[in-house]
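A.B. asks: Attaching a single structure in structure tokens format; questions to follow.
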Amino acid sequence: MPLLRGRFDQNERGAQRRSSLVSVLDVGSSKICCLIGRLRPRDHGEVLPGRTHSVEILGVGHQRSMGIKSGVVTDLDAAEQAIRTTVDAAERMAGVTVESLIVNVSCGRLASETYTASVTLDGKSVSDMDIGRVLAAGRAHSVTEGRQAVHALPIGYALDGDPGIVDPRGMVGDRLGVDMHLVTGEVPPLHNLELCVNRCHLTVERMVASPYASGLSVLVDDEAALGCAVVDCGGGTTTIAVFNRGQFVHVDAVALGGRHITNDLARGLSTRVEVAERLKTMYGSALPGATDDRDILSVPPIGDDADDHPNEVPRSALTRIIRPRVEETLELVRDRLNASGFAGLVGRRMVLTGGASQLNGLAEAARRVLARNIRMGRPLGIAGLPEAAKGPAFATAVGLMIYPQIALMEQLDDGTDRQPRLTGTGGYFARVGRWIQESF
């Protein structure tokens, strides 16, 4: 994926360094997943833009999520136990002990802000020092009170007001500018998520927006370059990431997901949530089928009374419950995308991924509601994944494994004077800088 580097040539230097072990944690509303992998530097001729290392998965652990709702920690004890169990399974498979992780974030009402910073050149050619000055000016941008910076990425340079410059070094001008994409989230949910991980005696090295990670793992080069939206359909949230010219330029989130469909089925069919989830997975569809009225399903009632007989309902009853919720979610995605101003950049390309995207008929429903070409996205370019982890549900976790290769693009302040500390150990923004320098 062609990605603009905030600090030129550091990716190349990273590709020449030693192999590194990386551990990541995907904390979702329906499942928690931990991956442990080895990143090996590629040979010089094999280095790809944004892919300086090959990734081999050594350990995988995943289980049903507990204490998490829409990406927000609602029960510290339950979430801590689920994370402990998941990480332990990955550690046993990989034969290593995890001390720190890269963690995804879908909570905190993620929001995007694009702004411009500039410095004067006085007619001189652009040097590395000038690029450092303009990026430092971009880092000085203030964050709204009560929100925390998650990403700060350069998405393009401008020289004397002419935008679209990828590498301005050596060019002559009077003023150098940079467009920055800032992703922020509300502080309390981010704080509670890190606190939950810390209670497992683990350190959060970096928080990465879930849709950004998913985009890194499912998009091909042409999609990212021409403009594409990634819609990550999760259990509790549906998140949107927009990529253009290889850059991550916008993020948004809708607080609806697969679990809401499950709850609708449980209420509508008067059955347990576990039964509703199984019915959705095996027989559910976002669109009606020709034989739905003739296919009869047995639905166990709520309770353990032996005299209660299962309810017999046609398959079409499931579709009548599922379809309105799916259309509501897709319409919100469409409206958010139109309101963002990036709908034109996306064009007719959109990629669906995430566990809830596997619902039968969802892709066709998305084509109708969004009026775009839809592709189902699965993780790409990772070796060692078990068969069960190669589907869309693991797109975010795989993207977190790819993220360290482009982490040096980040322009978050490494100091402790501007960024709020999420723990008493110096703040994860300071720690991640040291970790990246030591590992790559």
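A.B. asks: Give me the pairs, please: first residue somewhere in region 73-99 and within 24 Å of Leu39 (Cα to Cα) and touching a residue at least 40 places away in the same chain (Cβ under 8 Å), second residue anywhere and in a helix (DSSP H, G or I) and not charged (D, E, K, R), beta-carbon distance under 7 Å, and either six or more positions apart or on two chains.
C.D. replies: These pairs meet every condition: Ile83/Cys196; Ile83/Val197; Val98/Val87.
A.B. asks: Of the residues that make up region 164-174, is at least one within 19 Å of His250 (Cα to Cα), at pLDDT below 90 and surrounded by fewer than 22 Cβ atoms within 10 Å (Cβ to Cβ)?
C.D. replies: Checked against the condition, which is being within 19 Å of His250 (Cα to Cα), at pLDDT below 90 and surrounded by fewer than 22 Cβ atoms within 10 Å (Cβ to Cβ), region 164-174 yields at least one hit.
A.B. asks: Please go through region 191-239 and pick out each residue that is in a helix (DSSP H, G or I), open to solvent by 10 Å² or more (accessible area, probe 1.4 Å) and within 19 Å of Gly108 (Cβ to Cβ).
C.D. replies: His191, Asn192, Leu195, Asn198
A.B. asks: Also, quick follow-up: Run Thr114 past the list (1) outside any strand (DSSP E or B); (2) touching a residue at least 40 places away in the same chain (Cβ under 8 Å); (3) open to solvent by 60 Å² or more (accessible area, probe 1.4 Å) and report the number of the one that doesn't hold.
C.D. replies: Evaluating Thr114 over (1) outside any strand (DSSP E or B); (2) touching a residue at least 40 places away in the same chain (Cβ under 8 Å); (3) open to solvent by 60 Å² or more (accessible area, probe 1.4 Å) leaves (1) as the failure.
A.B. asks: Pro154: in a loop (DSSP other than H, G, I, E, B) and open to solvent by less than 10 Å² (accessible area, probe 1.4 Å), yes or no?
C.D. replies: No; evaluated as a whole, the condition is false for this residue.
A.B. asks: Can you find a residue that is open to solvent by 30 Å² or more (accessible area, probe 1.4 Å), touching a strand residue (DSSP E or B) at 6+ places or on another chain (Cβ under 7 Å) and among the acidic types (Asp, Glu) anywhere in region 35-47?
C.D. replies: Checking region 35-47: not a single residue is open to solvent by 30 Å² or more (accessible area, probe 1.4 Å), touching a strand residue (DSSP E or B) at 6+ places or on another chain (Cβ under 7 Å) and among the acidic types (Asp, Glu).
A.B. asks: Among the residues of region 117-146 satisfying the criterion of being under 26 Å from Ser210 (Cβ atoms) and modelled with pLDDT under 85, which is surrounded by the fewest Cβ atoms within 10 Å (Cβ to Cβ)?
C.D. replies: Filtering first and then ranking leaves Ser142.
A.B. asks: Which residues, taken from region 261-279, are out of contact with any helix residue (DSSP H, G or I) (no Cβ under 6 Å at 6 or more places or on another chain) and under 28 Å from Leu110 (Cβ atoms)?
C.D. replies: Passing the criteria: only Asn263.
A.B. asks: Exactly one condition in (1) charged (D, E, K, R); (2) modelled with pLDDT under 90; (3) surrounded by 21 or more Cβ atoms within 10 Å (Cβ to Cβ) is false for Asp26; which is it?
C.D. replies: The single condition Asp26 does not satisfy is (2).
A.B. asks: One residue is enough: does region 310-324 have a residue meeting the conditions surrounded by fewer than 19 Cβ atoms within 10 Å (Cβ to Cβ), of a type in the set (Lys, Arg) and more than 14 Å from Ala365 (Cα to Cα)?
C.D. replies: no
A.B. asks: Picking from Arg133, Arg109, Arg139, which residue would you name as being closer than 22 Å to Leu176 by Cβ and in contact with an Asp or Glu (Cβ under 6 Å, 6 or more places away or on another chain)?
C.D. replies: Arg139
A.B. asks: Right, next: Step by step: first the residues of region 240-292, then only those that are acidic (Asp, Glu) and in a helix (DSSP H, G or I), then the one that is farthest from Arg64 (Cα to Cα). Which residue is that?
C.D. replies: Asp264
Table: residues versus (1) in contact with a strand residue (DSSP E or B) (Cβ under 9 Å, 6 or more places away or on another chain); (2) farther than 19 Å from Gly391 by Cα.
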| position | (1), (2) |
| --- | --- |
| Pro211 | yes, no |
| Gly215 | yes, no |
| Glu223 | yes, yes |
| Gly234 | no, no |
| Thr237 | yes, no |
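A.B. asks: Would you please name the residue that is surrounded by the most Cβ atoms within 10 Å (Cβ to Cβ), looking only at residues in region 59-106 that are within 22 Å of Asp232 (Cα to Cα) and charged (D, E, K, R)?
C.D. replies: Among those residues, the one meeting the criterion is Lys69.
Quick grid of which residues meet (1) closer than 21 Å to Asp292 by Cβ; (2) in contact with a Cys (Cβ under 7 Å, 6 or more places away or on another chain):
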{"position": "Leu318", "(1), (2)": "yes, no"}
{"position": "Pro324", "(1), (2)": "yes, no"}
{"position": "Glu328", "(1), (2)": "yes, no"}
{"position": "Arg336", "(1), (2)": "no, no"}
{"position": "Phe342", "(1), (2)": "no, no"}
{"position": "Gly347", "(1), (2)": "no, no"}
{"position": "Ser357", "(1), (2)": "no, yes"}
{"position": "Gly361", "(1), (2)": "yes, no"}
{"position": "Arg367", "(1), (2)": "yes, no"}
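A.B. asks: Could you check region 328-419 for helices (runs of 4 or more DSSP H) lying wholly inside it with 3 or more residues that are open to solvent by less than 40 Å² (accessible area, probe 1.4 Å)?
C.D. replies: Where helices (runs of 4 or more DSSP H) fall fully within region 328-419 and carry at least 3 residues being open to solvent by less than 40 Å² (accessible area, probe 1.4 Å), they are 362-370, 395-402.
The values are calculated or read from the model by the stated rules, or taken from the named source; none is laboratory data. What you are looking at is a predicted structure, and each value in this text was computed from that prediction instead of being measured. Methodologically, a virtual Cβ is constructed for each residue, glycine included, from the backbone with ideal geometry; neighbour enumeration extends over all protein chains shown. The area values use the complete protein model at the heavy-atom level, side chains included, leaving out ligands, DNA and RNA. Shrake-Rupley method; radii C 1.70, N 1.55, O 1.52, S 1.80 Å.
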